[in-house]
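Inspection log for the structure reproduced underneath, given as structure tokens.
The values are calculated or read from the model by the stated rules, or taken from the named source; none is laboratory data. Predicted model only: the values in this text are computed from it and were never measured. Here the Cβ positions follow ideal geometry from the backbone for every residue, glycine too, while neighbour counts run over all protein chains shown. Quick note on the areas: whole protein, heavy atoms, side chains included, nothing else; ligands and nucleic acids left out. Shrake-Rupley method; radii C 1.70, N 1.55, O 1.52, S 1.80 Å.
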Amino acid sequence: MEFMWVSLILVLTLLGGPTLTLSDSSLSSNGLSEIPRKLLTLAQKPQLFEWMVGIRRKIHENPELGYEEFETSKLIRAELDKMGISYKYPVAVTGVVGSIGTGKPPFVAIRADMDALAMQEMVEWEHKSKIPGKMHGCGHDGHVAMLLGAAKILKEHEKDIQGTIVLVFQPAEEGGGGAKKILDAGALENVTAIFGLHVAHHIPLAEVASRPGPFFAGSGFFEAIISGKGGHAALPHHAVDPILAVSNVVTSLQHIVSREVDPLDSQVVTVGKVQGGEAFNVIPDSVTIGGTFRAFSKESLMQLKQRIEKVIIGQAAVQRCNATVNFCEDEKPLFPPTVNHKELHTHFQNVAGDMLGAHKVKNHPPLMGSEDFAYYQEAIPGFFFFLGMKDDRLGYLDTPHSPYFRINEDALPYGAALHASLAFRYLIETQQEVPLPEQQIRDEL
């Protein structure tokens, strides 16, 4: 069949091997398994590795917060221009969406987030952040460098791509819901699968980890103002004490999970902010609290949201106070759970196993953290995984969102090669699964 012949040529051209006689065995897993290893070899070439390191360090020195990634976006576009890769800009304010291949179906996407965090970097090194109070403390600078590295490899083999690989450089992952804005812009309308990764300090270099189904929890944020009546601390009967009300509110919020939720349905409600009062002997007029809630299903997340509001307002009323609750969805939209597509999990295991060895592809337990990649997964099949970078030679690597966070740059070739391999092989395997219309099938060969 013609589609099988095309797929065979794809594999052989990429591998640089000799032309073989067409046979059923030529499209076996042994042939496809060479693609990830070949792409890793390309990604590990010193010239490409050093180029990715340079890109990452430039971005690290000039961190930008969500929807402010103008210089980062400019750098990405300049590199895509040099490669001759077409792209759309602006998408979702600062986002860039490029494409490599035929411009025709099937379409598969690979994504990197671009934004930094509002924190002061405490690591002293040559390429420390030059912007006070801003830092790439979650590895997004490395994510961009890896996706650009994948783009460079794929562009060099564009003639072998039968379909289209979409490059998504996304703004505002850190609470801004940039993924949702990318979708709302219609940039992924024809995409049938999307892959994303995150560097992981706790997983060894050259290993990866993920799981099918729920991986990260969905999350939301809340802020509440509990208002009473201020007064002198020595005359509490003349006041309406919002601090007493808040103490009851915080305790009662914990009862939602401990007494209303199935113990087998993991959920979290945490109050992380309490602001009220400035003097030892004055009862304030109001107190502000804030926190987050998390769950592994959209239904549980919405139930938590409903109960949080009722508990805050009800417990405040018990203490004669009023309360207003804001879920901050304009600034911090509700993130759905990150749920990995089961068939794409199998694809990931096969590709990563062929590249790294099956023993280096690990299952990872679910995490209560959140990731806005989940928005893509609500719209199209998607898969998200951890890329290991732990190396004893570097000592302890701090967790993401730490001012001491560091990236092991030796992980960059693995990320670039996995991006390229997951997308490239997805297109090959998709074509194998979907035969051409009957009138196009030929038996000439």
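When the accessible area of the stretch 361-408 is computed with all protein chains present and a 1.4 Å probe, what percentage of it is carbon and sulfur? Reported share for carbon and sulfur atoms: 54 percent. Distances between placed amide hydrogens fall under 5 Å for Gly382 paired with Ile194, His341, all partners being 5 or more residues away or on another chain. Accessible surface computed residue by residue for the chain, with neighbouring protein chains in place and a 1.4 Å probe, gives 45 Å² per residue. Calculated FRET efficiency, Ser247 to Lys128, Cβ-Cβ distance, R0 = 41 Å: about 0.45 to the nearest 0.05. In a reduced charge model with +1 at each Lys and Arg Cβ and -1 at each Asp and Glu Cβ, the stretch 343-397 shows a dipole moment near 280 debye about its Cα centre. Can you give the FRET efficiency for Glu50 and Asp392, using 1/(1 + (r/R0)^6), R0 = 25 Å, r = Cβ-Cβ distance, to the nearest 0.05? With a Förster radius of 25 Å, E is 0.60. For the chain, the dipole from Cβ point charges (+1 on Lys and Arg, -1 on Asp and Glu) about the Cα centre works out to 400 debye, to the nearest 20. Averaging the Cα positions of each part gives two centres, and for the stretch 141-166 and the stretch 344-423 these lie 17 Å apart. Between helix 34-43 and the chain there is an angle of about 70 degrees, using the helix long axis and the longest principal axis of the Cα atoms.
Rg to Rh ratio, the chain, alpha-carbon atoms and Kirkwood radius? That ratio equals 1.06. Each Lys and Arg Cβ is given +1 and each Asp and Glu Cβ -1; about its Cα centre, the stretch 289-445 then shows a dipole of about 900 debye. Extension gain, His255-Lys298: 0.36 nm per intervening residue step, less the Cα-Cα distance, totals 13.5 nm. Look at where the Cα atoms of the stretch 251-283 and of the stretch 183-205 average out, and the two centres are 33 Å apart. Between 0 and 90 degrees, the angle of helix 242-260 with respect to the longest Cα principal axis of the chain falls at about 50 degrees. Fully extending the segment from Met83 to Ala379 would add 103.6 nm, taking 0.36 nm per residue of separation and subtracting the current Cα-Cα distance. Using a Förster radius of 22 Å, what is the FRET efficiency between Met368 and Asp262 based on their Cβ-Cβ separation? Nearest 0.05, please. Taking R0 as 22 Å, the efficiency between Met368 and Asp262 is 0.85. Highest mean packing comes first when the peptides 191-202, 39-50, 171-182, 141-152 are listed by Cβ atoms within 10 Å, giving 141-152, 171-182, 191-202, 39-50. Cross-linked pairs Lys45/Lys74; Lys58/Lys82; Lys88/Lys128; Lys180/Lys332; Lys74/Lys104: Cα-Cα separations exceed 23 Å for Lys45/Lys74; Lys88/Lys128; Lys74/Lys104. Highest mean first, the peptides 72-79, 396-403 sorted by other C-beta atoms within 10 Å per residue fall in the order 72-79, 396-403.
Count Lys and Arg as plus one, Asp and Glu as minus one, and take only other residues whose Cβ is under 14 Å from that of Ala411; the net charge is then 0. Surface composition of the stretch 282-354: carbon and sulfur atoms hold 47% of the protein heavy-atom accessible area at a 1.4 Å probe. Each helix, a run of at least 4 DSSP H residues, gives -39500 (n - 2.57); summed and divided by the residues of the chain, these come to -12000 deg cm²/dmol at 222 nm.
Sorting Leu264, Leu427 by solvent-accessible area of protein heavy atoms yields Leu264, Leu427, largest first, with a 1.4 Å probe.
Where Lys and Arg each count +1 and Asp and Glu each count -1, what net charge lies around Leu154 among other residues with Cβ under 13 Å from its Cβ? Here the count lands on +2.
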